[in-house]
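Heads up, the thing below is written out as structure tokens.
No lab work stands behind these numbers, since they all come straight from the coordinates. What you are looking at is a predicted structure, and each value in this text was computed from that prediction instead of being measured. Neighbour counts run over all protein chains shown; Cβ positions are idealised from the backbone, glycine included.
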């Protein structure tokens, strides 16, 4: 019997013959029909270029240009999968992402070619989109039509990189059926219309842009507008120029927008909704007051394992409740038992964080479709029926801007009719451990409390502490290094490191900054914001670094702390005056209590 679930390929084919404006990019407009034709030509190129027997995987290392959605459409028509390659990765780590996902074709542009210098990518054909050679190659496939292809609802469509405690990013599998359902669920939930325009300013290698912005536009037949890279100053001019009604955001994007100079005509724009994560209640209210558009936040794991539904009456600071079909619990990973409800002061501050905060676990059916070539990580993520003493699951998750329906799954959060197990690699077996810390109030509302022990989320990017530690350990004066998260004043985390020096060594901020600049695999968001110099690293009874104590003390400790204030390139000593200003910022955002978690 034919599945009732749709494919992304079907949605692409429906735009054939639709001559309405479909894409706005840097003042140029392309019709839906031309986008579908471009996807069909690239699908034919893919079929004619992949070596026999190769996995149908395409690495895409691009800014947000029209090539990106056309290659997504091409993969959908051809039954292939896109691995979005993060351009903030460097050196061997970047090569590892491409090779791990078995991409035999890498689509990039001249601006990113320096990232590939010196990398060994055996068997990978590189296509550079803004060259004559690419145009000539593509011309041979013009005239292709988006006919019925091999795609099924369970066909792999995205290999979505996430990070985890094991260090190397894992590629979460997202099928066509899940992405099509995610788009449909957002259309229904937000009332997306065919005459809407979705503004995509978040990077398309990230699930936020593809799943929460591109997919619902495709499902509704709405237009999209692309910005190569997010620009706070360019946001409102773009929105007005393309008539954008909807956008998505992650991390600090909303804060950056609010930092632009206010103008009397800020509310003169067509926006009605922003959907995302980590804006914070204070900034969300300020955004709506200034720009006249409502922001909606939620939570969903990148892998599709859990989602939290925001409903009317959700208290300030809460994400929402579990969707009716989910059985979400806040579990103490050391015991496997459910944590008690949160207790608050009159002004909403958490009193019993030590016992109320635990890991969010889905005890019901999850839509997790597995990791590419990583069965160990899959087992850790979906282990057993209780956590026990073995600790938290491996993997990384994000809040709902990253995955509006559970990051690429048939939406549990927003309510379409899904088919658990269709196209998944064992969806629903065992509890799904999200790796995220939450607490729950007496009414069942869930509050996000941060990352689990050695995972960080910095400005919308998921990072693994172990990876950063391995880099910092190269510092010639380092005897021991520990990396951990401290809360960001607005949303997510900041990177903090504790550094024990070799005997006789003296810390100098200039030499440390020069060391960081010289590391080819240090991503742009990995450098520590705070650096604590310790005489000796605190350890547990088993001689493991005592991260809990380091994280609890954060930058409010007796040891000397060096920091890089936002916008400043150099490290300097954190003074008592600096500390007072910092704490005031956390207090203003309602996040001071997280400094002692």
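Please order 534, 548 by the number of other Cβ within 10 Å, starting at the fewest.
With the sparsest Cβ surroundings first, the list reads 548, 534.
Here the gap between residue 26 and residue 548, fully extended at 0.36 nm per residue and compared with their Cα-Cα distance, gives a gain of 183.1 nm. Modelled this way, with points 7 Å down the Cα-to-C-beta line, the labels at residue 521 and residue 285 are 4.6 nm from one another. For the chain, relative contact order (Cα pairs under 8 Å, six or more residues apart, normalised by length) works out to 12 percent. Between residue 568 and residue 338, take the C-beta separation as r, use R0 = 35 Å, and let me know the FRET efficiency to the nearest 0.05. The calculated FRET efficiency here is 0.20. Centre-to-centre separation between the Cα atoms of the stretch 10-74 and those of the stretch 225-255: 22 Å. Helix 576-588 and the longest principal axis of the C-alpha atoms of the chain enclose an angle of approximately 50°. Rounded to the nearest 10 degrees, the inclination of helix 32-49 to the longest alpha-carbon principal axis of the chain is 80 degrees. Stretched out straight at 0.36 nm per residue, the stretch from residue 316 to residue 265 would grow longer than its current Cα-Cα span by 15.5 nm.
Computed over the chain, the per-residue total of -39500 (n - 2.57) for DSSP H runs of n ≥ 4 gives a 222 nm mean residue ellipticity of -7500 deg cm²/dmol, rounded to 500. Computed from label points 7 Å out along Cα-Cβ, the spacing between residue 113 and residue 479 is 4.9 nm. Remark: the residue 294-residue 558 segment gains 90.8 nm on full extension, using 0.36 nm per residue and subtracting the alpha carbon distance.
Placing a label point 7 Å from the Cα of residue 145 along the Cα-to-Cβ direction, the residues of the stretch 63-96 with a backbone N closer than 17 Å are 77-78. Can you tell me the 0 to 90 degree angle between the C-alpha axis of helix 232-242 and the longest principal axis of the chain, rounded to 10? Around 20 degrees separate the two axes.
Could you work out the relative contact order of the stretch 456-596, using alpha carbon pairs under 8 angstrom and six or more residues apart, expressed as a whole percent?
Reported as a whole number, the value is 23 percent.
Peptide packing for 211-220, 83-92, 43-52, 363-372 was compared via the average number of neighbouring C-beta atoms within 10 Å per residue; ordered from the highest value, the list is 211-220, 363-372, 83-92, 43-52.
Note on percent of Cα pairs over 37 Å apart: of the candidates (i) 52; (ii) 35; (iii) 31, the value calculated from this structure sits at (iii). Once all Cα-Cα distances of the stretch 456-596 are split into 5 Å bins that start at 0, what whole-number percent is in each one? Whole-percent P(r) values from 0 Å outward: 2, 10, 19, 25, 22, 14, 7, 2, 0.
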